[in-house]
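One structure below.
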Amino acid sequence: MRLLVVEDDRDLNRQLVSALEDAGYAVDKAFDGEEGHFLGDTEPYDGVILDMGLPRIDGIRVLEKWRRDGRRMPVLILTARDRWSEKVQGFDAGADDYVTKPFHMEEVLARLRALLRRAAGHATSELTCGPVLLDTRSSRVVVDGSAVRLTSHEYRLLAYLMHHQGRVVSRTELVEHLYDQDFDRDSNTIEVFVGRLRKKLGVEIIQTVRGLGYIAAPPEPPSKR
Ligand code: CA
């Protein structure tokens with residue numbers, strides 16, 4: 001999952017980015033409304049954290065422009081505590097949720113998880129695919145009851161495929177949603193990560209669809225083979 005943080009307070013921006021990266025997301029950042037709007041308009045983010053008070057273009061205008069241009073990614077807005085009207089304006093402009101400042105990082109992370117899973121059509125924070133269970137709260141993966149240790153890239157890949165279970169996901173889409181802007185994308189091919197992931201999981205839940213990409217689906221029962 002790849003996220004965008006638009007926040008002009010440098011310290012807060014850094015704290016958000018580092019907490020999100022620790023939680024296993026690929027994260028891009030912007031420090032004003034113009035840069036933020038441009039990135040959200042041109043890159044395929046799975047979710048955005050958008051401050052309302054921003055230099056150059058304010059958060060409400062950024063959000064309105066995205067929605068007017070058909071950008072539908074989930075957006076969590078950051079509002080000042082005493083400004084109830086910002087929340088109303090934010091929702092009317094197309095926000096999906098809000099957190100008031102100052103906030104606890106855990107709340108931001110929990111609200112984001114909820115937004116991401118709802119956007120993908122899931123009701124709970126635990127995703128399952130056959131014997132594989134992925135807990136988006138702890139970023140832990142369990143197969144048949146045993147924990148599997150994954151690197152952050154492997155986890156991201158599995159989480160993305162499991163959020164979009166049953167749908168073919170192209171390599172291009174994976175590259176766009178797993179890496180941040182600054183990542184050297186050429187050096188790490190998706191095929192290599194898929195191979196490692198299959199080996200670690202030990203069950204066949206990631207299938208290659210020749211020429212199209214990959215799909216996560218429960219293994220077929222033996223009787224159907
Ligand atoms: Ca601000």
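The values are calculated or read from the model by the stated rules, or taken from the named source; none is laboratory data. Since the model is a prediction, treat every value here as computed from it, not as a measurement. Counting neighbours? That spans all protein chains shown, and the Cβs are built from the backbone with ideal geometry, glycine included. All accessible areas refer to the heavy atoms of the entire protein, side chains included, with ligands and DNA or RNA removed. Shrake-Rupley method; radii C 1.70, N 1.55, O 1.52, S 1.80 Å.
See the values below:
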quantity	calculated
Label-point separation in nm, A119 to E191, each point 7 Å along Cα→Cβ	3.0 nm
Relative contact order, percent, region 70-129 [alpha-carbon distance under 8 Å, six or more residues apart]	32 percent
Solvent-accessible area per residue, Å², over region 126-216 with all protein chains present [probe radius 1.4 Å]	51 Å²
Trypsin sites (Lys or Arg not before Pro) restricted to region 35-81 and DSSP loop, no more than 13 other C-beta within 10 Å	R72, R81
Size of charge dipole - the chain - debye, nearest 20, with Cβ of Lys, Arg +1 and Asp, Glu -1, no other charges	1000 debye
Dipole moment magnitude, nearest 20 debye, region 21-133 about Cα centre, only Lys, Arg, Asp, Glu C-beta charged	360 debye
Residue-by-residue Karplus 3J(HN,Hα) for region 50-55, coefficients 6.51, -1.76, 1.60, Hz, glycine and proline x	10, 6, 7, x, 10, x
Simple label model, 7 Å out from Cα along Cβ direction - R210 to R83, nm	5.6 nm
The chain, relative contact order in percent, only Cα pairs under 8 angstrom and at least six apart counted	17 percent
Expected-Rg normalisation [2.2 N^0.38 Å, Cα atoms] applied to the chain	1.06
Carbon plus sulfur fraction of accessible area for the chain, probe 1.4 Å, in percent	47 percent
Loop GluC sites (Glu not before Pro), region 166-207, which have at most 14 other Cβ atoms in a 10 Å radius of their Cβ (DSSP)	E204
Residues in region 40-81 reached by a label modelled at L12 [backbone nitrogen below 12 Å; 7 Å Cα→Cβ]	50-55, 59, 77-81
At least 15 Å along the helix axis (C-alpha) and Kyte average at least -0.5, DSSP helices within the chain	105-119, 152-163, 190-201
Set of region 94-125 residues, backbone N closer than 18 Å to the point 7 Å along the Cα-Cβ line of R137	104-118, 122-125
